[in-house]
Structures are given as structure tokens and as C-alpha cells.
Amino acid sequence: MDICLSEIAVLRAPYPLLLNYFQIFTIRIDSGHPFKDCLPFSIAALPKKKLLQAEAKLQEKRRQWILIVRFRSEEVRDFYALGDQQEKDESHVDLGPKEITTACAADFDFLTTLGKGSFGRVFQVMHKESGKIYAMKVLSKEHIRRKNEVKHVMAELSVLKANFRHPFLVSLHFSFQNKEKLYFVLDHLNGGELFSHLQKEKHFSEPRTRFYSAQIASALGYLHENNIVYRDLKPENLLLDKHGYVVLTDFGLCKEGMMPNSLTSTFCGTPEYLAPEIILKKPYNVAVDWWCLGSVMYEMLYGLPPFYSRDHNEMYNRIVNETLKIKKSISIASADIITGLLQKDRNKRMGSKKDFKELKEHEFFKPIDWEKLLRHEIKAPFIPHIDSETDVRNIAEDFVKIKINPASLAPQNLASTHQDHDFVNFTYVQKHDTMTTGLHANVQE
């Protein structure tokens, strides 16, 4: 009978289960035969069904061994290496969730497109091992370099890696790169952009505006405490969670190191929400964020930003020179806080002296219990309709319709550990991120 080396190799692998499906018998090999030193095995044909079953079991064993190596758990390795051997102890502890120490694009299933920008896209993804749902922002290195945005991308990463624990700031779970792309894996928030809800409803009630504004002010105050100016507050950067609370996202225009007396002068932001001092190219401080909040509050109450014009130059002129107009349809407290926040002189602007504390003490926020707000114990005036973690009904349909090409997002031939002098130390894993291995031993009572 002929001897198949591949079949002999299978028999010599540490998977004795395959022996049950092969008919084995001894043969004699002449002394001059080239296989005289090999094991004297030959393998008879076996039914196709049994072969497929055996192959499936073999693949499952291989998968388990890969997991064992990945998790580096001696207990798991011993348990699976010994097969059905009885455990050494009377009870074997459930290993529980395992901490994730590294990540790459291939670790995720790409489910839906959530957004699209000039440098890349945002996707709803699921971590294959843990089953957790995240939002993944994928950016093109080529586009970032072409637009000279490397500094802003790395600034965003720096702020996210600071791992701030604030309920109204989005959290980073992983970041990694390959030769072509950068990846940010963030909290998944599928309640939709505040902008899209505002478009549908034209404007918000005063209580709803107060609820959102309190959270935004708290988040901005927290950033300022950590010497960060945000600089890009707008409804598009505010997402609702499943409970109807807002979360501040996109830290690309943040600047760190802004001490109480620090000034900076970079011209950046979104035209509708730029403070006068930025337009005039004067040095500015964190008070620009309070101007932005005033603009967003005005928009929530009236439907459009103050001084709005389709012509940017005309709008800039209005922001710098035109007197703010407040309609009588809102309360005195609302009018007063908006007027204070939209003070053209940054030194007279509300928040310029005591920052967030000034806003907390204003009459407009008197109904807010700040401690309960931080603990999410206040019922939101609007709760988005969400059936599941993967529900995308609150995401713009134009984005959801965009087809996903997994091969381009998680290319197999590009190393996830790629080092790039423009994006040094880009890789990050949040310490408390864990995944359930599914390899649990039974606990004996």
C-alpha cells in the first residue's frame, strides 16, 4: 500500500480523535525502502462524511489552541492539552472575561457606515471575540498628509488617550494603524446627532435646551479643568446615547496645555460658531468655547445659529459687528445667559472669570441637579427610539446606504503594528477593555 506523508503527519499531531475514523494496520517495509525509518502505518479509505466531521473537529481544536496561545493562560492551556483528563483540583475557576492587550482591523466585523468625512469614514463594528459594538473611525493617511492635518489627528489621539472619565465625553477603547490607515475605536452611540434631531424638529423647547446645554457645559468645564480648549462645538459633534443624554465627540481641533492665563492664535473651527476674536485673528483662550455654547443654545431655541448667513464673509462681518437680536419668545433667564455667552469682548463674556462655575450659578440652570445629571438620574425630555445596539434608524440614511468593502478596511497584507514617523505611539488599548473567551471550565460544588 502507498504511504501518504500528509496523512501520517495528521496521525502524529496531538489530536487523537482522528484515529477513530481511520482503519490502521501494520505493513512491512523492506530494508532498502526510503521510508524504512518512518512509522509503519498505512491508511485505508474512509467515508466522506466521516472525513468532513473529522476535519471540522480538527479545525475546532486548532481554533482552541490559537486562543490558548493568545490568552497566555496556563490553566486554559493545561485544560485543553490534557483533553478529557480530570482536573487537578476539585474545582476549576471560571476564567471570566479576558483583558484585551492588542487590536487590529481584522479583529472586527464591519456592520454599517455611520458617517463620512473628508479624511475617512465612521463604521459600526463588532469585536469578533467579545461581541461588543463600537464605532470605528477609519482615516486615510494619504488624505491627512495632503491636507496637513497630521498635527490635528495626533492632538485628537492625545486627548482621547488621556482617558478622561466624564459621562458626557466619548471614550477611546483602541487605536491602531497600518501602512495606509489610522483607526480609532470609540464608544458606540446610536441615538443620532443632535443636529439631525434639531433639523427634524426645527427647534427645541426651553427645558430640552437646558438639559442638553447643562451636559455640554459640564463637559467643556471638565476639559478646561484639564487645560484643554475644545474649539469646535456644534450640533454635529454632539451625539445622543440610548438614554437621551448627549456626548461630546471629535477632538480634532482641541489644544492641550491651555493654562488659565494661556493664549493661542490658530484660526480654526466651524464658520457659524467662530468667536469674534478668532475671526479677527487675535489671541484667544478657553472663552471661545463659551461663545460656541451660546451659539448652539441660540440654535436649539431658534433653529439657526446667531448671525447666520450662507455667505461666510457676510456672516463673519455680522459676528464681529452686528448686535445680537433676542426674540421675546424665550424666558428672561434664557435671554440673559445667551446674551452673556455671546458677548463679543471675551473678557466680559460669561465664563471668562470662573469658567463653568459661572454658568452653574446662573438662573437658567437653577432647575438642574448637577449631581443627578452626572449620574444619569434625570429622565431625558427626549429618548431616541432604539431597539438594539446595532439599530441605525437614528443615523442618516445616506450614510447607512454606503456599501462597505471589508478587504480595503482590514487588508490582510498590511501589518497592524506598522510604525510611521508621522504617527508615533499611535497604538492604544484602554486598560479595562475585556472580552469573554468562551473557554470556561465547569465549577464543581
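The values are calculated or read from the model by the stated rules, or taken from the named source; none is laboratory data. Since the model is a prediction, treat every value here as computed from it, not as a measurement. Counting neighbours? That spans all protein chains shown, and the Cβs are built from the backbone with ideal geometry, glycine included.
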Give the residue that is farthest from the chain's Cα centre (by Cα), with candidates limited to residues of region 173-203 that are of a type in the set (Lys, Arg) and assigned by TED's automatic domain parsing to the domain that holds Val247. Lys202
In region 301-323, the residues that are of a type outside the set (S, T, N, Q), surrounded by fewer than 17 Cβ atoms within 10 Å (Cβ to Cβ) and at negative phi: Leu304, Arg310, Asp311, His312, Glu314, Arg318, Val320, Glu322
Tally time: how many residues in region 128-149 are in contact with a His (Cβ under 9 Å, 6 or more places away or on another chain) and farther than 15 Å from Thr249 by Cβ? 4
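How many residues, within region 327-352, are among the basic types (Lys, Arg) and surrounded by 14 or more Cβ atoms within 10 Å (Cβ to Cβ)? Let's see the steps before the verdict.
Pass one, region 327-352, residues among the basic types (Lys, Arg): 327-328, 344, 346, 348-349.
Keeping just the survivors that are surrounded by 14 or more Cβ atoms within 10 Å (Cβ to Cβ) gives 344, 346, 349.
Number of matching residues: 3.
Check whether at least one residue in region 247-270 is more than 30 Å from Ser388 (Cα to Cα), touching a Cys at 6+ places or on another chain (Cβ under 7 Å) and outside any loop (DSSP other than H, G, I, E, B), and report yes or no. Talk me through it step by step, then tell me what you get.
Step one: filter region 247-270 for residues more than 30 Å from Ser388 (Cα to Cα), giving 253-270.
Now restrict to residues that are touching a Cys at 6+ places or on another chain (Cβ under 7 Å): 253.
Now drop any that are not outside any loop (DSSP other than H, G, I, E, B), which leaves none.
No, region 247-270 has no match at all.
Out of curiosity, is Tyr308 among the aromatic types (Phe, Trp, Tyr), part of a loop (DSSP other than H, G, I, E, B) and out of contact with any Ser or Thr (no Cβ under 8 Å at 6 or more places or on another chain)?
Working: among the aromatic types (Phe, Trp, Tyr): yes; part of a loop (DSSP other than H, G, I, E, B): yes; out of contact with any Ser or Thr (no Cβ under 8 Å at 6 or more places or on another chain): yes.
So Tyr308 fits the description; yes.
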Odd one out for Ala219 among (1) in a loop (DSSP other than H, G, I, E, B); (2) touching a Phe, Trp or Tyr at 6+ places or on another chain (Cβ under 9 Å): (1)
Kindly indicate whether any position in region 354-373 is under 23 Å from His243 (Cα atoms) and of a type in the set (Asp, Glu). yes
Among the residues that make up region 223-236, is at least one of them touching a Pro at 6+ places or on another chain (Cβ under 9 Å), in a loop (DSSP other than H, G, I, E, B) and of a type in the set (Lys, Arg)? yes
Scope region 279-313; condition among the aliphatic types (A, V, I, L, M) and over 25 Å from Ser334 (Cα atoms); matching residues: Ile279, Leu280
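Kindly indicate the residue of region 227-257 that is farther than 26 Å from His376 by Cβ and in contact with a Leu (Cβ under 9 Å, 6 or more places away or on another chain) and also surrounded by the fewest Cβ atoms within 10 Å (Cβ to Cβ) among those meeting that condition. Spell out the reasoning first.
Here is the first cut: in region 227-257, the ones farther than 26 Å from His376 by Cβ are 227, 229, 231, 252-253, 255-257.
Of the ones still in play, those that are also in contact with a Leu (Cβ under 9 Å, 6 or more places away or on another chain) are 229, 231.
Numbers: Val229: 22, Arg231: 25.
Checked region 227-257; the qualifying residue surrounded by the fewest Cβ atoms within 10 Å (Cβ to Cβ) is Val229.
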Can you pull out the residues in region 273-305 that are free of Cβ contacts under 8 Å to residues at least 40 places away in the same chain, part of a helix (DSSP H, G or I) and not hydrophobic (A, V, I, L, M, F, W, C)? none
Residues of region 144-194 being in contact with a Gly (Cβ under 8 Å, 6 or more places away or on another chain) and among the small types (Gly, Ala, Ser), which ones? Ala155, Gly191
